1. Residue-wise, which Karplus ³J(HN,Hα) couplings in Hz belong to region 233-247, taking 6.51 cos²θ - 1.76 cosθ + 1.60, θ = phi - 60°, and x for glycine or proline?
2. Run the quick spin-label model on Val89 and Ser36: label points 7 Å from Cα toward the beta carbon, then report their separation in nm to one decimal.
3. Under 10 Å, Cα contacts only: if you run a Gaussian network model on the chain, which one of Ser175, Ser373, Ser284 comes out with the highest mean-square fluctuation?
4. Please compute the length gained on full extension between Asp349 and Thr209, using 0.36 nm multiplied by the number of residues separating them and subtracting their Cα-Cα distance.
5. Rg to Rh for region 127-387: what is it, with Cα atoms only and Rh by Kirkwood?
6. Val238 to Ser151: FRET efficiency via 1/(1 + (r/R0)^6), r the Cβ-Cβ distance, R0 35 Å, to the nearest 0.05?
7. Identify which of Thr315, Thr199, Thr207 has the largest mean-square fluctuation in a Gaussian network model of the chain, with springs joining Cα atoms closer than 10 Å.
8. Could you tell me the relative contact order of the chain? Use alpha-carbon pairs under 8 Å, at least six residues apart, and round to a whole percent.
Amino acid sequence: MVRGRASLVALSLVGCAKIWGFDELTPPPPPPPPISCLTVPPCSTGCSDCSSRCVDLNADPANCGSCGTQCTAGRICQSGACVCPEEYVACGGLCVDPETDPTNCGDCGIACDTGGVCNAGMCTFPVTLVTGQGTPGSLVVDSTRIYFDTSGEIRSVALDGSDLQTLTAPAGVVSLAIDGENLYYRGATLDKIALAGGTPTTLVPDTATAGAIAVDGEFVYWVADGTVSKVPIAGGGVTVLTTGNVYDYAIAVDSTSVYFGYSSQVWRTPLEGGSVSLVGGALSTVQDLVVQGDRVYFAGGGIGALEIDGSSGMTLSAASTPQRLAVDATHVYFFSGTSLSRVGIDGGDVTVLAIDPYPKDIAIDETNVYWTSGGVDNLSGAILMIAK
């Protein structure tokens, strides 16, 4: 499919190929069965000699209906006529999909405004919940509020964008995690603070080299270059679960294991520590992990899913630069470049939900996708939302 606008110039010089015009867009008859033509003459029945090459004039896009007639602008050759593929329409000299084309959304010439995308023939736009948030990074959500870090503070805002609050002002926050009572964050120290605010509690006094964190009902887990560790959420001693090949980008936990990345591989170790097991390979360096059911989903050179027992895996999307992802019962949501997209948990078509020049992190609830954004200049940060 070709997007954008172009002009077609018809050449009518002797000996030159002609270009099929868009004034001939009557619905084509059903195509005849395909013909296998020999490479060079003498041509078999139903094939024609075009410049010493045997072709099917009913199906050859370079010789459609007659020798030298070329199908352009995304059209195909069907029954000797250049037509738009099924479910596409001709708009401004191009074959477009009105279900997804942002310049011809639902019908020719209906363009979505800046920031909008075309889904099911309708322009959709994200909702800006709060702006002027500097350079926001990580975020998490619960049933009533969004929590995020920005410009040396951790803030929260209601799901409708009201009641913006500052919870605390730690230095250098890298990662957030949440349970039903507390928000956990990793800066120079690993701390927790009640979701309603109050005085933070330091769980680990020195985690300056740590990266991503995760939490379950009893422990906070974190990765650093070379280690996976945990500490009780009530406070206490640190337990090192494993050392060796560990990157600090991504971590996830389920009821039995901690999952982490090293280079383009996903590994796991028991919650109590000990041996490590290879779950499977990503497409590039693992940037984020989510465990759900019997699978661990990864962002790393693409979006993929691995069975947690290491038996198999699949690529869900070949998006080249995914950084963060979120998963529900039916879809994986992720940013790749400037596109917020979703794909089914078993693969399939990728749907673009929104466009953002500076996306940072992503979270979901039952109905919406939320993300932190650097804004139009990567300095005037915002929290945005769009329906799933």
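1. Running phi through 6.51 cos²θ - 1.76 cosθ + 1.60 with θ = phi - 60° gives 5, 8, x, x, x, 8, 10, 8, 7, 7, 10, x, 7, 9, 9 Hz.
2. About 4.0 nm, to one decimal.
3. Result: Ser284 has the largest fluctuation of those listed.
4. Values: separation 140, 0.36 × 140 = 50.40 nm, distance 3.89 nm.
Stretched fully, the Asp349-Thr209 segment lengthens by 46.5 nm.
5. Numbers: Rg = 17.3 Å, Rh = 18.4 Å.
Rg divided by Rh gives 0.94.
6. Working: r = 29 Å, r/R0 = 0.84.
About 0.75, to the nearest 0.05.
7. Answer for the Gaussian network model of the chain: Thr199.
8. Numbers: 995 pairs, mean separation 37.5, N = 388.
It rounds to 10 percent for the chain.
Bear in mind that the values in this text are calculations on the coordinates, not laboratory data. Not measured: the values here are computed from a predicted model. Positions of Cβ are backbone-derived with ideal geometry, glycine not excepted, and every protein chain shown enters the neighbour counts.
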